[in-house]
Amino acid sequence: MSDAPWTATVLTIFPEMFPGPLGFSLAGKALARGLWRLEAVDIRDFATDRHRTVDDAPFGGGAGMVMRPDVVARAVDAVKARGAPGPSIYLSPRGERLHQGIVRELAAGPGVVLLCGRFEGVDERVLEARAFREISIGDFVLSGGELAAMVLIDACVRLLPGVVGDAASLAEESFAQGLLEYPHYTRPAVWEGRKVPDVLLSGHHERIREWRRQKALEITRARRPDLLTTVSATASCADRTRSERREPSSAAAEKTRAEECP
Ligand SMILES: C[S@@+](CC[C@H](N)C(=O)[O-])C[C@H]1O[C@@H](n2cnc3c(N)ncnc32)[C@H](O)[C@@H]1O
């Protein structure tokens with residue numbers, strides 16, 4: 001097994017954009033400590049004309065320009081030949097939508113090679129020929145793949161061993177167990193007349209754990225019910241029954257529970 005740190009190799013026509021935000025806070029400190037590596041490679045270095053051209057007009061006509069397959073292929077082949085680890089990924093609005101499961105998978109590997117598109121995108125043939133996996137960061141269109149690459153890298157880096165000081169915070173945060181996170185509170189205990197929930201001041205760890213689990217379920221059910229299909233339905237219904245026994249719920253909530261938890 002290699003001792004090399006997790007490595008992000010980014011193919012871009014704007015290498016000066018990196019590390020950018022990745023040079024700050026958790027990711028930046030981890031980069032400085034050598035817990036991960038970043039190499040931003042200028043795709044223009046693989047152009048062959050004196051203007052360092054990477055794009056051309058689309059066959060079939062239409063607006064915009066397309067990144068050339070030969071130039072992109074030379075760039076990805078060169079970084080692979082010198083050992084850039086991990087799958088080749090093209091950040092693309094038409095890719096599979098990024099989620100924490102993909103982030104966990106990529107963070108567990110040796111690294112990623114990320115292709116950042118510009119213009120109208122990249123010639124299809126190089127995506128096929130070099131077996132690029134396509135990943136989208138959401139259903140909207142950015143002007144380039146660099147910000148998407150940063151999002152993906154940041155999400156992976158915080159899962160690498162030693163990057164987040166208290167690993168317990170990773171185990172409890174949103175998506176870690178298929179749920180959104182419970183609400184947080186800090187001092188002052190009363191602010192603008194709003195009190196922190198009593199249970200959090202009780203010092204009773206088991207009750208606090210249970211309250212947080214219930215809040216995570218409630219918030220997930222209200223905001224992202226689709227996520228609950230990945231959490232055991234039996235467990236969630238049992239939790240709801242238990243909590244509603246303690247805190248009688250509204251008639252509407254009872255009705256929903258009865259429909260969802262027969
Ligand atoms: C202007 S966009 C191209 C959009 C493309 N013509 C389309 O309609 O799907 C330029 C580049 O930004 C990146 N990009 C844009 N939106 C993205 C998203 N939601 N997720 C990941 N990358 C994105 C891709 O690398 C893309 O090649």
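Computed from the coordinates by the stated procedures, all read-outs in this text should not be read as laboratory data. For clarity, every value in this text was computed on a predicted model and none was experimentally measured. In this analysis, Cβ positions are derived from the backbone assuming ideal geometry, glycine residues included, and neighbour counts consider all displayed protein chains.
For the residues ARG44, ARG187, what sequence is obtained by ranking on other C-beta atoms within 10 Å, fewest first?
ARG187, ARG44
Looking at the chain alone, DSSP beta bridges between its own residues are antiparallel in about 15 percent of cases. Here the residues LYS80, LYS195, ranked from fewest to most Cβ neighbours within 10 Å of their Cβ, fall in the order LYS195, LYS80.
Full extension of the chain between ASP226 and LEU26 gives 69.0 nm of extra length, using 0.36 nm per residue less the Cα-Cα distance. Between helix 251-260 and the chain there is an angle of about 60 degrees, using the helix long axis and the longest principal axis of the Cα atoms. Taken along the Cα-to-beta-carbon direction at a fixed 7 Å, the label points for THR53 and ARG207 span 7.4 nm.
The TRP191 and ALA73 beta-carbon pair, evaluated with R₀ = 51 Å, returns a calculated FRET efficiency of approximately 0.35. Calculate, for SER2 and LEU170, the FRET efficiency according to 1/(1 + (r/R0)^6) with r their C-beta to C-beta distance and R0 30 Å; round to the nearest 0.05. Result of the calculation: an efficiency of 0.80.
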